1. Regarding Asn91, is this residue within 19 Å of Val147 (Cβ to Cβ), of a type in the set (S, T, N, Q) and either exposed (fewer than 15 other Cβ atoms within 10 Å of the Cβ) or in contact with a Pro (Cβ under 7 Å, 6 or more places away or on another chain) (or both)?
2. Anything in segment 134-184 that is within 16 Å of the chain's Cα centre (by Cα) and in contact (Cβ under 8 Å) with a residue 40 or more places away in the chain? List them, or say none.
3. Tell me the strands (runs of 3 or more DSSP E) entirely within segment 82-188 that contain at least 1 residues that are modelled with pLDDT of 80 or more.
4. Whether any residue in segment 57-73 is surrounded by 12 or more Cβ atoms within 10 Å (Cβ to Cβ), hydrophobic (A, V, I, L, M, F, W, C), modelled with pLDDT of 75 or more and assigned to a loop (DSSP other than H, G, I, E, B) is what I want to check.
5. Just checking, does segment 20-40 include any residue being in contact with a Lys or Arg (Cβ under 8 Å, 6 or more places away or on another chain), modelled with pLDDT under 85 and either surrounded by 11 or more Cβ atoms within 10 Å (Cβ to Cβ) or not aromatic (Phe, Trp, Tyr) (or both)?
6. Looking at (1) at pLDDT below 85; (2) loosely packed, with under 12 Cβ neighbours inside 10 Å; (3) of a type outside the set (Val, Ile, Thr), which one does Leu49 not meet, given that it meets all the others?
7. If Ile77 meets every condition in (1) over 19 Å from Gly151 (Cα atoms); (2) surrounded by 15 or more Cβ atoms within 10 Å (Cβ to Cβ); (3) at pLDDT 85 or above apart from one, which number is that one?
8. Show the residue pairs meeting these rules: Cβ distance below 8 Å; 6+ apart or different chains; first residue within segment 46-65 and under 10 Å from Gly86 (Cβ atoms); second residue in a helix (DSSP H, G or I) and modelled with pLDDT of 80 or more.
Amino acid sequence: MTNICNNKKGFQLTATFMVSLVLAIVVFGMGMMFFADIFQEASDVKTRLDSQTDQQIRNILLSTGEKVAIPFDKKEINGGDTATFGVGIFNVPGPNAPTNFKIEKSGTDFCKCFKKDNTACPTSPTAVVGDQGLGQILKIKPNQQRVAVVGIEVGDVDIGSNIICTIKVTDVDHNKQYGSTQQVYIQV
């Protein structure tokens, strides 16, 4: 009789230990997922501009009369990070005013990267589409403005490297460039 009770207690202790072990593993896994989400959000590309920057770009478009503007065209970032730029477009009213625009890479060499010693970098940066950025059709009515975000992802380049990227806006309705070509500068 005593032998049977000891076996039940032994079994009960083992079952309690197993349940505790499973719960510990589940809690540990949830903690790992929580930290992974935090770090993933920190590394995601910023696809929106804050309202103050957006308003400054719109004010510059109005005050200068430019069709296309990237007023904040210089960024300093770490290798592997993404630089984001706000591209302002003002649709100048007129008889044949376009309504469809596209932000595009200008030329075959979208970005040029130079090391400190002015030699070319082995890897080239790539464009990252923001919420309304590169390659997307933007509908803008005449006499209205739009600010879109273009991100440029810098690979593993040497510290002190300089990157120059050229961006243009195309009037899709008339299949021609709209406004002047813009350049952005990134220092790693």
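1. Numbers: within 19 Å of Val147 (Cβ to Cβ): yes; of a type in the set (S, T, N, Q): yes; either exposed (fewer than 15 other Cβ atoms within 10 Å of the Cβ) or in contact with a Pro (Cβ under 7 Å, 6 or more places away or on another chain) (or both): yes.
The answer is yes for Asn91.
2. Going residue by residue through segment 134-184, those that are within 16 Å of the chain's Cα centre (by Cα) are 134-136, 147-155, 165, 167, 184.
Listed by number, the residues that qualify are Val147, Ala148, Val149, Val150, Gly151, Ile152, Glu153, Val154, Gly155, Cys165, Ile167, Val184.
3. Values: elements: 82-90, 100-105, 111-114, 126-129, 137-139, 145-153, 162-171, 176-187.
Here the list reads 82-90, 100-105, 111-114, 137-139, 145-153, 162-171, 176-187.
4. yes
5. Let us first name the residues in segment 20-40 that are in contact with a Lys or Arg (Cβ under 8 Å, 6 or more places away or on another chain), namely none.
Checked segment 20-40: no residue is in contact with a Lys or Arg (Cβ under 8 Å, 6 or more places away or on another chain), modelled with pLDDT under 85 and either surrounded by 11 or more Cβ atoms within 10 Å (Cβ to Cβ) or not aromatic (Phe, Trp, Tyr) (or both).
6. Only one criterion in (1) at pLDDT below 85; (2) loosely packed, with under 12 Cβ neighbours inside 10 Å; (3) of a type outside the set (Val, Ile, Thr) is unmet by Leu49, namely (2).
7. The failed condition is (1).
8. Here the result reads Leu49/Ile57, each pair linking segment 46-65 to a residue that is in a helix (DSSP H, G or I) and modelled with pLDDT of 80 or more.
The values are calculated or read from the model by the stated rules, or taken from the named source; none is laboratory data. What you see is a predicted model, and the numbers here were worked out from it, not measured in a lab. Counting neighbours? That spans all protein chains shown, and the Cβs are built from the backbone with ideal geometry, glycine included.
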